[in-house]
Structure formats: structure tokens, C-alpha cells
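To keep things clear, I will list the structure first and then write my remarks on it.
Where a number appears in this text, it was derived from the coordinates with a stated rule and is not lab data. Just so it is clear, the model here is predicted, and its values are computed rather than measured. Neighbour counts run over all protein chains shown; Cβ positions are idealised from the backbone, glycine included.
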There are 4 protein chains.
Amino acid sequence: MPHFTVGILGATGIVGQRFIEMLVRHPWFEITALAASETRAGKKYGEQVDWRIGPAVPEEVYNMEMIRLDPEEIKADLVFSALPSDVAREVEPKFAEKGFIVASNASAYRMEEDVPLVIPEVNPDHLALIEIQREKRGWDGCIITNPNCSTIILTLTLKPLMQFGLKRVVVTTMQALSGAGFPGVPSMSILDNIIPYISGEEGKVENEPLKLLGELDGDHIRMADIDIMATCTRVNVMDGHLESVLALMESNPTVDDVKKAFKKFKALDLPTSPEELIILRDEMDRPQPRLDREEGKGMSVTVGRIREGIRYLVLGHNAIRGAAGASVLNMELAAKEKLI
Amino acid sequence: MPHFTVGILGATGIVGQRFIEMLVRHPWFEITALAASETRAGKKYGEQVDWRIGPAVPEEVYNMEMIRLDPEEIKADLVFSALPSDVAREVEPKFAEKGFIVASNASAYRMEEDVPLVIPEVNPDHLALIEIQREKRGWDGCIITNPNCSTIILTLTLKPLMQFGLKRVVVTTMQALSGAGFPGVPSMSILDNIIPYISGEEGKVENEPLKLLGELDGDHIRMADIDIMATCTRVNVMDGHLESVLALMESNPTVDDVKKAFKKFKALDLPTSPEELIILRDEMDRPQPRLDREEGKGMSVTVGRIREGIRYLVLGHNAIRGAAGASVLNMELAAKEKLI
Amino acid sequence: MPHFTVGILGATGIVGQRFIEMLVRHPWFEITALAASETRAGKKYGEQVDWRIGPAVPEEVYNMEMIRLDPEEIKADLVFSALPSDVAREVEPKFAEKGFIVASNASAYRMEEDVPLVIPEVNPDHLALIEIQREKRGWDGCIITNPNCSTIILTLTLKPLMQFGLKRVVVTTMQALSGAGFPGVPSMSILDNIIPYISGEEGKVENEPLKLLGELDGDHIRMADIDIMATCTRVNVMDGHLESVLALMESNPTVDDVKKAFKKFKALDLPTSPEELIILRDEMDRPQPRLDREEGKGMSVTVGRIREGIRYLVLGHNAIRGAAGASVLNMELAAKEKLI
Amino acid sequence: MPHFTVGILGATGIVGQRFIEMLVRHPWFEITALAASETRAGKKYGEQVDWRIGPAVPEEVYNMEMIRLDPEEIKADLVFSALPSDVAREVEPKFAEKGFIVASNASAYRMEEDVPLVIPEVNPDHLALIEIQREKRGWDGCIITNPNCSTIILTLTLKPLMQFGLKRVVVTTMQALSGAGFPGVPSMSILDNIIPYISGEEGKVENEPLKLLGELDGDHIRMADIDIMATCTRVNVMDGHLESVLALMESNPTVDDVKKAFKKFKALDLPTSPEELIILRDEMDRPQPRLDREEGKGMSVTVGRIREGIRYLVLGHNAIRGAAGASVLNMELAAKEKLI
């Protein structure tokens, strides 16, 4: 069984909290460092965090002394990054340079040619970019990224549709509050309301899947030739992004063909993998965020209402499968493949 | 100035309440009868209704004695029907037969060949079907219908796009609670949640616009040749349906062309008409249900985020423009045109 | 280890679902019967229930065939009743007569002189009424009741205050939606709102604690001499009743005295008992329903903001500690004490 | 008819927006200046404000150029202050010194001996402190304050109870989101939740009524001898504070006595006064924030569920009667009494 010590960068935010929740009793990974902005350094984690995802900070990390975002201070084999994109852009390369494997949830480096953007079930082979990256940048470590939350949930359903000649996707997302972090969306903005815009989100949903579904071609990824049109909205739901999808495919599969393709698409055998990757619901009124988001401990996605078109709805837990769990799964894959 | 006495069928429901709100001080119409199910007959309206749209039942109708859904009992020139579809199917023809003009918000007769399905700004000429209907059915009165709430809001934006050769529409709706009536959606179903299905709704949104945008051809309507794909969801918003629309057009208009077309599309000069029919918002994060639904006293629709595609979001008040106000406006049009 | 087969009466409601959740893998109890209204009899539980408390009905009961509320049909040692009060009034005695031990969450028999109304940590000795009840009614079985949800949460904090000469309690509750069952509160009634009234609730909160905190005196309970004034409101929260309490005591204890008394008040050693009975939070802004309701798997209560007065806030999970868990704990106590 | 030009300090916040809403077509007051923090100075109001209380900034102020919080720059007879307390503490005296009448909604000076804290219907005579204040401080202008939002709503019901020898009040408030301003409460903090604490609020509710209900005694106010115990919570409601009140009185009035006292307590004859000051509802389930907060254009309070005790619930619009409307009403009173 692999064993790695891990640090978490940006440990006090919502995604940082989810990292802790997922890693605190992880069979392979052991949390040895929690880092955040300078002002928190030297203080106890439990006293610095506004813990939002349960009654109390796990005992195992409560008294851990926080450190700065400085590779010199961290004692860990790997780091998980839940940093805001602008901070990540500056900080992550410093860690990679110092030999750290950085599993990043930030958007800063996702689309760089030599940086793997990976969903383990979708494009595990793209991890091969690690070697290219190390060579090109002269780093001992590396940066491995996972996509944006809405992208992950969507792409887990697009991958099995690729066999039908996927050409065009029209998607409207209804995204949960936790996706905006904490404090994030003001309550006065969202009570009895919808906000039909999330800054930067549509570009990510339209572009990241092209890399994920693209093919590794020597030292880079050949983008998939799909046209994605996204409209992203924010709704008054705590966790769980729901996406209304229309997927146009060349071979025009039936609803049944699509169901079979979804069922055939399997989870990997990693510690954080769900038992079932895509859960199909036959009820007319599913998936629903509150009822389905915890499926597979938040690592499954649930699909329902598959209709001619092909149209369907897909739901996933944005903060688990769409963020912290995505990074953890990437690192588990890299560990299993002995790439780290 | 025209003057008609009016009755309201189904006066205690949410749409019934909106009818009262809109008619209680109407310049042309005077409420003289409130009808509902047998059990309420003979009782005071104010004591029978669970008034949900303000602090108190308007004084003008509080003490009005309710009557049965029986044309013999009603003293009024016109009736507005907020009946459930199954009741409407049975009751409305009885009224039409007895000479009443019935403005119906129910879906029962909308798609019948000789029944006008009208949005005054979209297809006022379809009222000509009244004569066909009377002839064919031998009625002194007639039934005039307005579309489903989501359809109205959508179609007000599709009409000005017809000039560009509208071919295909993909729409995902996020619909408000009041659309399901009262008691309607249980709170436990919708708190921290979305319900991705509304029974019967998608069929209405996909079919009714074809009649509305169709052409009057002698004694029937030639359906418009448009392909509409709808996904309808329920969100935790009191009033105001938001719709995410993709409209594919033959002549491929620019965003600017579309804006101009929307601006040119004007409200009529009727008592309930809004000043501005389609309000265009340039902000990235509009329209929003809570902020925009009351525009034009609930009779305008607000459009935002027009992007290449053409994609946009449209919002309207489902219970006013999408229901009671729709019937009232139809009757105002008919009155002005001296068709009633 | 004790072993009993159990039936659940009213198995499809919210409390029924919680019973299943708590019993499906219970170490002592094994579900062998699920009963509900006649119309569901003979059908599969999983197809009859609208499962609201998670993604899916537990496999163990999905295919169980439902039966009628008839003691002749049930094969079980004990029954848990989640029946509405009026149905319970009629049905529960029939079961007790036929020899069943009935653990009832209904209010029908709570205040009857020979019926134990019990919270295991508060008044376990009141179970002695079982013998009185059997003698008096000539039953082989018996009815054991637990209090109303708000009463349980409140009384768990009043018990340790009895030592200070508790005289008067003023309480305002903010109660969760699940307390009203499903469909229960309409969403249009509670979105952006509070309903300052819950039918029958205040009487229960004012009277039931007097019996719970009273003393067993031969064949009946001598009511505690406390004056309780309750105002009960419904708020837009899924689970977890929050109560704002003022407790006036003769000996005028300090905040510290009260904290010590709460800490000393311990859970029992039963399978469903929480580790900590009363969790004290020192933060200014706790307890909060969403964050604290799952403490002790929903069987703890959380107290915060203890101030001179004595004033404090207490929170508990209404559907677990306040309903299903209360009945289960009572039955566990009875089993351990070999009273059943 | 009096005529005054007025400035608004802190014009972009929620209370500032409410000031504009109430003053933009006010018969006596004309908005001539909108001031806020330095960074907004010189810019158009409509482009600086995040307008939250309706679809759009009123035209009348959209293009008004904002100015700094500097008495030299403002051209107005009076100023309304919606400043945060710490800013108000520094800024308001500068305005008073320069001769401005300052109607302040801030808490900074409310409890100072020579500063009138006024609710026009409760203690209009306290405005006499203006003269004391001017003498003592050597100001040409003066500061007139209104109480905290929860205090106003509560005190409007306590005033008519004074005749019965009011001794003790126990109140639990359920306060709306807008009371925390914008952005204020994060949505993740309040969805499916209650926050049982509002910083500083309980002290205000416990102390301010003592001054309001106190008697003017020469140059100061003799505090009323009442013991108030408050617990203040935040709930997921946009506008409208609901308060659960127990009022203990020496003469022990009946429910009927109290109803009569409430009915006798009348609004004044000022432009912003509501027709009915205290609206009594007889329904078991009123007042409710969403249904009752707009009564009297937000200037009435609604009382319900008056029970022996005396216990009752009172609701008022926190941002109108409890903030902007309170300041406006104070200024109208001062204008009518020719004190300004």
C-alpha cells in the first residue's frame, strides 16, 4: 500500500475543508501540513477555520499549526492545492520547482500544453504529460490539475458519448452555492432568486472538456472537435450542480444506446472511487441535488430523464467529485501508476 | 370606454387571486361573480380563500358571496377561468354555450383547431377563430385561451426572431413555485433542491408556440415549422420563470440584430399592457427573478445575456404575464376589437 | 444480546422512514413487518414510499410486502408506531391487547395516567407504569410513549435544572419542516417567511414536561410544579428544532453552575445512545440547525449561549432524537431492563 | 407645506437605498446630495450602487454625482445618515457642527444623554433634547437618532402596555437578512439554517426601549424601570423582523385589555405615517413576514396571537419602519413641530 505525507494549500476554504474531510482518514495519504495566507501562519488550524461542512473540525487536525504558502516550510511528499487561481498561478510553480507533486484544483494551469488536466476515468493517459512538463520546465516536481466542477460532472457523461460521434453540446447549469466558496454568494442575492451568471464559468465548461476528451499526441493533447455552448446559473442549493444537457451525435444513438453506454462506463479501483460511476435513475423527477449529491460519498454522478435528442440531466457534488475529490482521485491514480 | 361585468371561475387559487388583484380596479371590467367548487358556494369569498399574494383580501371582494361553477347562477358578461384543466374541460363549454365569452387560462382547449390561443402582441389576428368556433359549435359565447406560463414568456421572445428564419429552439426553464398553485410543491421537496421535472410542461412549451407563431389560414392555424426542445425544472423561487434559450436561425443574425428586433417589438395600447414589452438588460447577471419579475407590473418580460448562438435568458412573471394577466390582456384585446 | 423482531406502523411517512433508517442495521431489533394504510397493503415498500431522507430506500426493505394496520397480520415481537394521532388512538390499543409492546411516537395516549411517557435519560423509572397499565387494561402487551419532538429537546435540558428548583420556563421554538411530515408545509407558505403557529404544539410543550419531570408515586405520576409558556413557530429549515429558553430557578444558579449540571447529565449505555448527551458550544453563534443537528447521529442535543437569566438555546434533531430515535431508545431501555 | 433639501449619507447601502425609495417623491423633502465613501465620490450614483430593492435605480437619482462625507461639499438643509456606526461616530458630529440637522439611523449616539432617541408615536417630546444638545455642544445643527430596527418594532407594542405597569419583557427575535446589510449574511450560513446570534443586537434591544419609554426630566431622560431580556436570531427571510414577546405587567391586564390598548395607539398625521399603526390579526398563524411586512407601506407593525401571559408576536419591516422610515418620520415630526 502506497504511503505519502501530504500538505494542503488553502486549507481553510470550502475546498480546503473538503480536502481535510477526505484525507483525514485516507489509507494512503497522511496530512502533515496545512498552509494558508501569511496571517494565519503559526496559529492552530481549528481556531482559524470557519468550519462549514459539519459540526466540528476533525480532532486530527484541530491543533495542527498552520504554515505559510512556502515550499521551504512544508514537510510533505505531495501537496493538494485549493488556492484561488491568482494565488495558485504564483505559488504552485514554486512548489513544483522544489520537487513537490502538486495536485491542483485551481484553474491557473489547466489549459497549459504541458500540464495534465485529468479525470481518472476519462483520460488517465494524459498523466504522461508529467514527464514532458518536467523536462520542459526543469522541475523535480510537477503540477497535475483537475477541471472546473461543472466541467467534471458534464465530462463524465460526455466521455461515454464519444463513441457515437459527439459533435455538439448545449448545456445549462444550475450550480450550488458552495461552488462560490465562503462567504461567496450573499444571502440577499439568492433568496427567492437565481443569478444567471457565474464569472468565468462558461468559458471553462466550453473549453476544458475539449482537452479532457482530446488525444495525447506525443508531447501535447490534440483537442477534441466538439462544439460546447454553456449557460451557467447560480441557484439556492447548498451542494450539487445540476446540468441540463443536449448532446448531438453523428450516429444518432437511441435512448437505450445511451443508457447502455453510461452503464458500461465504470469507476476505477482507487480508494476514493465510487462503486458506481454514473447512477441512472428512471424516475421522472430525478436527479435532485438534495437527494442525490451524496451518492458514492459524493464521487458518483447521477443521470436522469434521458430523452430523444439526446437530452438528459446530470448531477454531481461540486465540492467533492467536482473539486477536492477530483484532486484526490488524480493523486491516487498517479500513486497507483507509480508516476509519483 | 368599454364596460363589462366579469366572473372569475376558480377564484380561490393562486391564479384566481391574481385575477382579482388585476380586475378589482380595472377600468373596463367589473367583478360581479366569484365561482369555485360546490363546497364554497354561498360563503363569503374572504373567508374561503387562503390569500397568498398580500396581507389581505381586497375589501371590494371580501364579502362577495361565492357561487357554483354554473352558468345559470352567474351574472356577468364575461368569465375568466382559472380552473384546473380537467374541470375546465367540462365546465368551460357549458359557459360558452350559454353565451359567455370565456377567457381561459386552462390548457384543456388550447390546441383545438377552432379555439384561439392568443398572446395579443404575438398573434392578435388569431382571434378571428372566434367566428369559426361559434359557427362550428353553435355557441353564442366562445372560448379564448392563453398559453401556458412558460410558453408565453418564451414566445414573446421568439416572435421577433421569426424574421430571421427561426428553425430550432433549445430551452431549459427554471420555474417558480407559484406555477404549481397552492399548496403545490411541498417545502421538503424544494428546500436546498431543484426538481428537474414538471408534469406535462415540456409538451406544452414544445407545441403551443407552434400554434402561436403559426399563420391563420382560413378556418385554422398553419403551425409554424420550428423544432423546440424543452427541459422544465422547478426551483425555490416564489414568482418568475427564468428560461435559458438557444435559438438557431437561418439568417444567422448578430447579437445586435437580435437586440434591435427585441427593442422594436412593442406592447399594445391596452389597459394592462406594460410600457415596455421586452426589457433588455445589459448587466452580465440579469435577468433575476426577484429583481425583475415585477417589471411592467408583471406584464413585461426581461431579457439579458444575449450572446452569439443566439443564446439569451428571459424572465417573466408566471402568475401575471404568464397566467391571469394573459387572460385579461386577451379579453382587453377582444373588447377593443369589438369581438366581444 | 437481546433480539426482537419489530414491525413499523405508519412506515411510509417521514418518521416511518427514520424508523427504517435507524432499525435496518440495529444490533437488537430486526424489521419483519411494515404496515400502513389499507391501500398500500400487498405492495412493495420501495414502490409505495416517497423516500425523502436519502437517495434510495435501503435494499433490506425495498421488496418487503406491506401489510395492513392489523395485529393479526403482523409477525413481530414489538411494534413502533409513527401513526397520526387519530389513527394511533384507534389502532395502538388493538396491538397492545394482542400482546404487542407498542413504542408510540403519537400523542394519543401520552398523557393517560397509566401510560409511561418516557425519555430514557430523564425518567426511566416511569416504565414501571407498564405493569399498572397491563393490570388496569387487561392487556398482554402495552403502550410506551415518547414525547413530542420539541418537548424532548427542551426537557433534556430542563432535567439537569431541576436540582436548582426550576419554577418557570419561557420558550420560543423555531421548528423544522420535517416536523410537519410530508407533504406537510407548502413551499409557498414558508419561502422567505416564518409561520408563527403550529397546531396543538404549544399545549404539548407546556404539559408533557410536567409528566416527564414528575415523580412516580405508586400507580401514577405526580406532575412537576413548573410553569411553562411556549410559543411555537415554523421556519424554513429541513431538520432540527431550535429553542430559545428562559429558565427561572429558585436557587438562582450561575451560568457556570448550569454548564456543570449540563455536562454531568450523561447518556445511557444503549445501542442508540449518543456518546455525549448535551453538547455545550462556547461559540457565540451556536447551536445552528444545519451544522449541529447530526451530532451523536441525531441523538445528542446541542446547547449554546448560556447567559444569566438563565437563558440558553438548545437544538436537537426533531425527526431522530425528537421522534423515531426517541421510540427506539425507549424500546432499548425496556429491553435492557427486561421489561419487554 | 414645509420644504427641505436633503442629503443621504451612506447612500449605497440597503438602508441608503430605502432612504432614496422613501424620499424620491416625498412631499416635503427633496434629495439634493448623495454621499458615500471617498472612492465613490465624483461618480454617478446609478453606476455605483448595487440596487437590491427593485429592478432599477430610480431615474431621479441615477445620474446624481456622488460626493464625499464632507459637510463642506453637501448642499442640503438636512441629512439622513445610514452610515455604519463607527463611521457615524466620526462623521455625524462634523455635520451637526456645521449646522446640519442629522437624522441618524446609526447606533453611535443613541444613548448619549443629550441626544434624542425618538419614535414619533412613542416619545415625540424627547425632541426637546435638541435644545439641550445644541447648548451643550455649541452646535448649530443637531443629531436626532432613531432606535435599532428590532427595538422600534418591539417598543411600538410596549408603549401602549406602559399603562398596565410594564415590569418585565422576554423577547426572542427572528430577524431578516436585510438587517445585516449587503453583502451581509453569506448564503451558505443561512440556507436551511438559523444563526442564533447577532452581534451587539441584544444589548440594543434591552437598553434602547428604557430610554424611549423613559421620561423627559429637564435636561435628560429618566430611564423606564423595565427589565428586558432579549435573544436575537437571524433567519432566512429577506425583510421583516418577527418577535415573540412575553410582557409581564403589574396590573395583569386581560387579552382584551391589551387588544384595546393596541387599537387605541394611533399613528400621527405625518406624510410617512401609516393609516393604522398596530394592525391586529385574529388568525392563529399571523403575523408572517412575507405576507405582512408591507402593511402601511412598511410603516405599520402587525401583532397577532395575543395570549394570556401576556404573550404575543409582532412583526415589522426592519428596513422601512425599523430604519429608513424611522429617520424620515423623525424628521417629518421635527419639521411639523418646527424644531428644524
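What base-10 log of the normalised intensity I(q)/I(0) is obtained for chain D from the Debye formula, alpha carbons as equal point scatterers, at q = 0.13 Å⁻¹? Those come out to -0.95, one per q.
Rounded to the nearest 500, the 222 nm mean residue ellipticity of chain A from helices alone is -7500 deg cm²/dmol, with -39,500 (n - 2.57) taken per DSSP H run of at least 4 residues. Rounded to whole Å, the principal axis extents of the Cα atoms in segment D:197-338 read 43, 35, 34, largest first.
Computed as a quarter of the hull surface, the mean projected area of the alpha carbon convex hull for the protein assembly as shown stands at 53.7 nm².
Rounded to the nearest 20, the size of the Cβ-charge dipole of segment C:193-340 about its Cα centre is 360 debye, with Lys and Arg at +1 and Asp and Glu at -1. Across identical copies of the chain, residue B:297 has label-point separations of 1.8, 5.9, 6.0 nm, listed in ascending order, with the point defined 7 angstrom from Cα along Cα→Cβ. When each of the peptides C:217-227, A:123-133, D:149-159, C:47-57 is scored by the mean number of other C-beta atoms lying within 10 Å of its residues, the order from highest to lowest reads D:149-159, A:123-133, C:47-57, C:217-227. Kirkwood Rh, segment D:260-340, all Cα pairs: how many Å? Value: 13.4 Å, from the Cα pair sum. Quotient of the Cα radius of gyration of segment B:59-134 and 2.2 N^0.38 Å, N being its number of residues: 1.20. Computed 3J(HN,Hα) for segment C:129-140, one whole-Hz value per residue from the Karplus formula 6.51 cos²θ - 1.76 cosθ + 1.60 where θ = phi - 60°, is 5, 3, 5, 4, 4, 5, 4, 4, 9, x, 9, 7, glycine and proline marked x. Annotation: the antiparallel percentage among DSSP beta bridges lying fully within segment A:149-317 is about 65. Peptide D:50-58 shows a mean partner chain C-beta count of 4 within 10 Å per residue C-beta. Under a point spin-label approximation (7 Å from Cα along Cα-to-Cβ), what is the residue A:263-residue C:41 distance to one decimal in nm? So the two model labels end up 3.7 nm from each other.
So how tilted is helix A:201-212 from the main axis of chain A? Cα-based, degrees 0 to 90, rounded to 10. Approximately 90 degrees, to the nearest 10.
Quick check on segment D:1-93: take the gyration tensor over C-alpha atoms, sort the square-rooted eigenvalues as a ≥ b ≥ c, and tell me if it's rounded (a/c under 1.5), prolate or oblate. Cα axes put segment D:1-93 in the rounded bin. For the peptide C:244-252, the mean number of other protein chain Cβ atoms found within 10 angstrom of a residue's Cβ is 2. The mean sequence distance of close C-alpha pairs (under 8 Å, at least 6 residues apart), as a share of the length of chain B, puts its relative contact order at 17 percent. Going by the alpha-carbon gyration tensor, a ≥ b ≥ c the square roots of its eigenvalues, is segment B:185-263 rounded (a/c under 1.5) or, if a/c is not under 1.5, prolate (a/b greater than b/c) versus oblate? Judged from the Cα gyration tensor, segment B:185-263 comes out oblate (a/c at least 1.5, b/c at or above a/b).
With the label put 7 angstrom out from Cα along the Cα-to-Cβ vector, residue D:163 ends up 4.9, 6.9, 8.4 nm from the copy partners, going from closest to farthest.
3J(HN,Hα) along segment A:66-71: 6, 10, 7, 7, 10, x Hz, from the Karplus curve 6.51 cos²θ - 1.76 cosθ + 1.60 with θ = phi - 60°, whole Hz, x for Gly and Pro.
Converting phi to 3J(HN,Hα) with the Karplus coefficients 6.51, -1.76 and 1.60 and the offset θ = phi - 60°, segment B:42-54 yields x, 9, 6, 4, x, 8, 9, 8, 9, 6, 10, 10, x Hz in sequence order, with x at every glycine or proline. Remark: label point of residue D:56 defined 7 Å out from Cα along the Cα-Cβ vector; separations to the same position in other copies 3.4, 5.2, 5.5 nm, ascending. The antiparallel fraction among DSSP beta bridges confined to chain A stands at about 45%. For the residues of A:280-292, the average number of beta carbons from a partner chain within 10 Å of their own beta carbon is 5. Beyond 26 Å between alpha-carbons counts as too far, so tell me which of A:98/A:136; D:94/D:297; A:43/A:94 fall in that bin. Check vs 26 Å cut-off fails for D:94/D:297.
Full extension of the segment from residue C:125 to residue C:219, taken as 0.36 nm per residue of separation minus the current Cα-Cα distance, would add 32.6 nm. Give me, ordered by chain and number, the residues 5 or more places off residue A:220 or on other chains with an amide H under 5 Å from its own placed amide H. Close amide H contacts, sequence-distant or interchain: none at all. Relative to the longest principal axis of the Cα atoms of chain C, the long axis of helix C:85-97 lies at roughly 60 degrees. By Cβ position, the chain B residue that hugs the axis carrying B onto A most closely, with its distance in whole Å, is B:172, 2. The long axis of helix A:149-158 is offset from the longest Cα principal axis of chain A by roughly 40 degrees. One Cα centroid belongs to segment A:58-79, the other to segment D:123-186; the line between them spans 49 Å.
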